[in-house]
Amino acid sequence: MYDTYIPDKGFVETFFRISNRINRKRYIKRMLALMGITFILAFLINFSLLIVGADILAEDTLEGSLGLLTLIPSLALMIRRLHDLNRPAWWVIATFVPLLNLVLWLYLLFARGTYGPNQYGADPIEGCD
């Protein structure tokens with residue numbers, strides 16, 4: 001069924017696709033890129049609101065919206081990483097439980113994915129990096 005790994009093509013497949021698998025290296029790179037984009041956008045929002053002289057409510061609203069916008073791609077990356085570990089996507093619910101989210105995060109960072117193909121796709125290490 002899954003003979004070869006099909007790498008992502010483009011921004012949407014990289015950050016919004018939930019099918020297939022993603023290995024540790026790609027997961028870390030993409031999460032760091034997402035965090036970097038979020039940090040830069042938050043800085044620009046804060047800087048522009050400071051110049052305009054907006055109130056704290058506007059700042060909190062825009063930063064909350066930014067957080068919700070980055071939640072979707074981060075959950076999609078986590079689901080693909082869970083698929084690499086041969087775990088179901090519903091495990092991502094643990095990210096909303098205090099302390100359990102830390103355990104899940106460490107598991108996603110340090111556990112090696114399953115060797116060879118599993119029920120979610122071909123081994124991403126066999127694909128090009």
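The values are calculated or read from the model by the stated rules, or taken from the named source; none is laboratory data. This structure is a prediction, so every number in the text was calculated from the model and none was measured. Positions of Cβ are backbone-derived with ideal geometry, glycine not excepted, and every protein chain shown enters the neighbour counts. Accessible surface areas use protein heavy atoms only, side chains included; no ligands, DNA or RNA. Shrake-Rupley method; radii C 1.70, N 1.55, O 1.52, S 1.80 Å.
Restricting the first member to region 90-111 and to residues that are within 21 Å of L68 (Cα to Cα), and the second to residues that are small (G, A, S), the beta-carbon pairs closer than 8 Å and six or more apart or on different chains are L100/A94; N101/A94; L104/A94.
Of all residues in region 14-41, those that are part of a helix (DSSP H, G or I) and touching a Gly at 6+ places or on another chain (Cβ under 9 Å) total 2.
Conditions tested, residue by residue: (1) modelled with pLDDT of 85 or more; (2) of a type in the set (V, I, T); (3) not in a helix (DSSP H, G or I).
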| position | (1), (2), (3) |
| --- | --- |
| L50 | no, no, no |
| A58 | no, no, no |
| A76 | yes, no, no |
| Y107 | yes, no, no |
| G113 | yes, no, yes |
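Close contacts from region 26-44, counting a first residue that is closer than 25 Å to I125 by Cβ and without any contact (Cβ under 8 Å) to a residue 24 or more places away in the chain and a second that is open to solvent by less than 100 Å² (accessible area, probe 1.4 Å) and among the basic types (K, R), with Cβ to Cβ under 9 Å and a gap of 6+ residues or different chains, come to none at all.
A single entry from T14, T38 fulfils the requirement of being at pLDDT 85 or above, open to solvent by less than 40 Å² (accessible area, probe 1.4 Å) and closer than 18 Å to W105 by Cβ: T38.
Among the candidates I6, I18, I22, the residue that is under 12 Å from the mean Cα position of the chain (by Cα) and within 19 Å of I125 (Cβ to Cβ) is uniquely I22.
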